[in-house]
Amino acid sequence: PAEAQPAEILSPEDIQQRLGEQSSATHIYLQFSQRGIDYGVSFQAIKQVWSKSTMEALARVELPTESKSGQTSAQAASFLIHPVLLDAGPQLAGVTLADTGSSYLPVAIEKFRQYQAVPDANGWVYAQPRETNSVTEQASVIVVLWLAEQGQVLAQMEGLKLQQIDARTGANEQVQWL
């Protein structure tokens with residue numbers, strides 16, 4: 001069940017103006033691909049990104065048509081947040097990291113809260129790195145919010161931890177996860 005919605009409303013327009021730097025979906029997914037992370041068209045929910053260095057990022061998101069094919073309307077309506085739109089959060093979090101040419105993967109989430117269903121179109125995702133407690137921390141910790149058209153917080157992921165992939169692991173090597 002959904003929790004009581006926070007009173008906070010973020011203005012996507014104000015965030016866009018504050019961030020200024022704009023990138024197209026094509027540019028963002030090309031950057032991911034150059035780092036060895038290839039999202040198929042069914043997982044490319046980010047349509048446009050506004051960002052400011054490694055400080056924060058805002059993305060316009062929409063469920064790709066390819067993700068809807070084969071779903072009945074009942075199946076689509078059964079999601080409080082479609083898995084592809086959920087994945088757009090960690091994708092956007094990657095935009096807030098320094099461009100070292102390295103890839104990062106999500107390794108932990110402290111808390112996820114959902115307040116309302118996230119629409120398949122005309123939504124926003126906002127990501128901002130959080131200060132970490134340790135100077136030796138080798139992962140980035142990020143807060144991600146899913147916003148409605150007018151900026152109401154629909155869901156939030158606290159403490160998303162992104163770990164840099166070991167550069168010694170070749171692109172064609174299989175990584176053992178378990």
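What follows draws every value from the coordinates through simple rules; no lab data is involved. Remember, it's a predicted structure, so these values are computed and weren't measured experimentally. Neighbour counts run over all protein chains shown; Cβ positions are idealised from the backbone, glycine included.
Residues whose amide H comes within less than 5 Å of that of LEU147, counting only those at least five positions distant or on another chain, are TRP124, VAL125, TYR126, LEU154 (H built at 1.01 Å from N in the peptide plane).
When the Cα gyration tensor is reduced to axis lengths a ≥ b ≥ c, the ratio a/c is 1.5 or higher for the stretch 1-60, and with a/b not above b/c it is classed as oblate. Model label sites at SER11 and GLU149, defined 7 Å from Cα along the beta-carbon direction, differ in position by 1.9 nm. Each residue of the stretch 119-125 is assigned a 3J(HN,Hα), and the resulting list reads x, 6, 9, 6, x, 10, 10 Hz, derived from the Karplus form 6.51 cos²θ - 1.76 cosθ + 1.60 (θ = phi - 60°), x at Gly and Pro. Rounded to the nearest Å, what's the spacing between the alpha carbon centres of the stretch 88-116 and the stretch 11-27? Just the number, please. Result: 18 Å between the Cα centres.
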